[in-house]
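Derivation of every value follows stated rules applied to the coordinates shown; laboratory data play no part. Computed from a predicted structure; not experimentally measured. All Cβ positions, glycine included, derive from the backbone under ideal geometry; neighbour counts span all protein chains shown.
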Amino acid sequence: VVGPRVLDRADPTRVWCAGGMLTWRQNLSTLLGHGGPDGPEHRRTLDVDYVPGCALLARRELLEEVGLFDPGYFAYTEDVDLCLRARRAGWGVRMVGEARALHASSSATGGGYNPRRKYMMGLNSIWFLRAHARWHHWLRFLVFDVATLPLLFLAGLFTGRAKSVLAKAVGIWHGLRRRRVTAESVAAGSWLW
């Protein structure tokens, strides 16, 4: 699996993602270089845990072996899941820094710290943990993500992000109750957004 460094379409001097690494903490993973200036350090090829699905190439043989994107994720975490399945099957995952793509990060769900996006990330985190995590990964997620939600909610009352934090908590709860994200479940008009 390979992917380019991905630049922010709104400001192509900024990196949106130069590959990603699993942390098993907040949102389970982190986008390397996210928000920073594009530069030579992002133009090298390196092994990563995943490359974003917005610009990902995979060999047909790999997809025949490990399967396609899991449609149960709908949006968010499907790329991490596919790349982890590929790595566990012995395939490599690389970010090719000499290649680049532009990404409008807000085009699908509004981007940023919005309720719809945080709901999907919370719900899909639970499904990802179910599929791939060991007990210590669950513990890390609980300590560094779930346990911080009450404090983030209180801070969100002053920053305007409280609804997004609540949406993530509801997403985690729905994931624990084995709900899946669908187009209908994230349509405009939900009480969360």
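Under the classification rounded if a/c is under 1.5, otherwise prolate if a/b is larger than b/c and oblate if not, where does region 115-186 fall, given a ≥ b ≥ c as square roots of the Cα gyration tensor eigenvalues? The shape class here is oblate. Rg/Rh, computed from the Cα trace of the chain with Rh as the Kirkwood radius, has the value 0.96. Think of the chain as having a plus end and a minus end, set by charges on the Cβ of Lys, Arg, Asp and Glu; of LEU68, ALA167, LEU32, ALA167 sits farthest toward the positive end of this dipole. Between the C-alpha center of region 117-160 and that of region 21-63 there is a gap of 20 Å. Taking amide H as placed 1.01 Å from N in the peptide plane, the amide H of ARG14 sits under 5 Å from that of ASP8, ASP38, each at least 5 places away or on another chain. Taking Cα centre as origin and charging only the Cβ of basic (Lys, Arg, +1) and acidic (Asp, Glu, -1) residues, the dipole magnitude of region 1-153 rounds to 200 debye. Shown here for region 27-76: trypsin sites (Lys or Arg not before Pro) in loop regions (DSSP other than H, G, I, E, B) with at most 14 other Cβ atoms within 10 Å, namely ARG43, ARG44, ARG59. Using θ = phi - 60° in the Karplus curve 6.51 cos²θ - 1.76 cosθ + 1.60, the 3J(HN,Hα) couplings for region 45-61 round to 8, 8, 6, 9, 6, 7, 10, x, x, 5, 7, 10, 10, 9, 5, 4, 4 Hz; x is entered for Gly and Pro. Considering all C-alpha pairs of region 2-103, those separated by over 18 Å amount to 44%. Here region 50-111 is treated with +1 on each Lys and Arg Cβ and -1 on each Asp and Glu Cβ, and its dipole about the Cα centre works out to around 180 debye.
Each of PHE69, PHE74 was scored by other Cβ atoms within 10 Å of its Cβ. Arranged with the fewest first, they read PHE69, PHE74. Here the residues SER190, SER164, ranked from fewest to most Cβ neighbours within 10 Å of their Cβ, fall in the order SER190, SER164. Helix-only arithmetic for the chain: the sum of -39500 (n - 2.57) across DSSP H runs with n ≥ 4, divided by the residue total, places the mean residue ellipticity at 222 nm at -11500 deg cm²/dmol.
Ranked by the mean number of other Cβ atoms within 10 Å per residue, highest first, peptides 10-22, 129-141 order as 10-22, 129-141.
Normalised by the number of residues in region 1-141, the mean separation of alpha-carbon contacts (under 8 Å, six or more apart) gives a relative contact order of 32 percent.
Near the amide H of ARG94, within less than 5 Å, lie the amide hydrogens of VAL2, GLY3, VAL48, all on another chain or at least 5 residues away, with H placed in the peptide plane.
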